Every structure is written in C-alpha cells, then in structure tokens.
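The structure under discussion appears below in the form of structure tokens.
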Amino acid sequence: MTGVEEHRVMHDDELPARIATTADVDPRAKVGPDSLVWHLAQIREYAQISSGCIVGRGVYIGPGVIVGRNCKIQNYALIYEPALLEDGVFVGPAVVFTNDSYPRAINLDGSRQTNDDWEAVGVTVRTGASIGARAVCVAPITIGRYALVAAGSVVTKNVPDFAVVVGVPARQTGWVGRAGLPLVPTDDGGFVCPRTGERYVEHEGVLSPR
C-alpha cells in the first residue's frame, strides 16, 4: 500500500490503522486498529470505522455513519448518513446508500435546502450481509443478516435474514447460507449449504439455522 501513513487509535497493543496520505479523514472520525483506508477515500466527521475494516479507493462515508468490525467497502461506494453497518458486511464497488425519501435541492421559496430542511433516513445492514456492485439501497430499509443483494439491484424494502434479492425493484429469489452460497432444498423441506453442510429451516418466511 503506497502513500500510507500509520494512524494509531484505540489500544497501544493493537495494530495501527493504515490510512493513505491521499485519503481525507476528518480528525473527529474514528478509524479502528488494523483497518485500511485507501487512496481518495473520504470519511466525514464523527463516522466510526471499527477494527479490521477495508475502505476502498474513492469511498465516501458520511457524518456519523457507523461501520462494524471486519467490513469491506469496495471502491467508490457512497455510504450516506445515518447508515449503520454491523460486523462483517461486504459492500461492492459503486454501491449507493440513499438517505432522503423525498429529495429536493430547494425549499418552496426557492432557497437552497440545508441539513435542517429535511430529515435524513438511513440504511441498516445486519451482520454478514453482502451487497453487490452498483446496487442502490433506498432508505429507510434494513438488510438482514447474511442476506445477499445481487449486483445492480435497487432495494426498496426490507430484506429478510439469509434472503437473496435480485432486480429492479429487488425481489427475493431464494436463500443463501452464512458461507455465501445459495442453499439447496432437502427432502425434509429444509435447506442445506453445499459447502459447509449447515442446515436451515424456514418457518413463515423466516429462515434460521437448525
């Protein structure tokens, strides 16, 4: 990683964060130990990046956004406040999280809107979920644990845990396991992960490990 400065935060016995000298990290933001922030990324005031994260080239992290441990946010993703990413979340290249249900640049009197003129709404992404390249997540929504949003999808409603959603607007097409592979139906009406053998059961549209 070229052009990188070591940025020590939190505890002295942990590896320091590594932040590219060309990244723009507000001094009021927090970047956890062993995290990498790449060229041209911007992390705004009061954002919190936990330990072990990767923030790719050109990523934008808005004010007060919270990112959990071991998340990977790929190049040019735009994460607008007040988004919350739990641990182990993957965000693909050029993904967009919106934050305004009824966007306008101006007020009724023609004056430019400021932050006081509208109420920001956020996207919440639960533990282990993955969002494919160029997907758009339209707030306010929650993407469930270990769910998978296909590349190019536009997500306009909540996504259940372990669900696979595809399309514009995104619709559920199946289930995915914690290992990231589509689950295979079993003879007893359940599902199994082809990689790990982990079994799942569905009840009233909710999937959970057995």
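Only a single criterion out of (1) of a type outside the set (S, T, N, Q); (2) modelled with pLDDT under 95; (3) surrounded by 15 or more Cβ atoms within 10 Å (Cβ to Cβ); (4) in contact with a strand residue (DSSP E or B) (Cβ under 6 Å, 6 or more places away or on another chain) is not satisfied by residue 118, namely (4). Does residue 108 satisfy the criteria of being crowded, with 19+ Cβ neighbours inside 10 Å and out of contact with any helix residue (DSSP H, G or I) (no Cβ under 6 Å at 6 or more places or on another chain)? Here the answer is no, as residue 108 does not meet what is asked.
Looking at the structure I just gave you, is residue 176 under 21 Å from residue 200 (Cα atoms), at pLDDT 95 or above, touching a strand residue (DSSP E or B) at 6+ places or on another chain (Cβ under 6 Å) and of a type in the set (A, V, I, L, M)? For residue 176, the condition - under 21 Å from residue 200 (Cα atoms), at pLDDT 95 or above, touching a strand residue (DSSP E or B) at 6+ places or on another chain (Cβ under 6 Å) and of a type in the set (A, V, I, L, M) - is met. Of the residues making up the stretch 25-75, those that are part of a strand (DSSP E or B) and of a type in the set (A, V, I, L, M, F, W, C) are 25, 31, 36, 37, 43, 49, 54, 55, 61, 66, 67, 73.
Answer yes or no as to whether residue 13 is surrounded by fewer than 20 Cβ atoms within 10 Å (Cβ to Cβ) and at pLDDT below 95. So residue 13 fits the description; yes.
The values are calculated or read from the model by the stated rules, or taken from the named source; none is laboratory data. Treat the numbers as computed from the prediction; the structure is a model and nothing was measured. Neighbour counts are summed over all protein chains in view; Cβ atoms, including those assigned to glycine, are modelled from backbone coordinates with ideal geometry.
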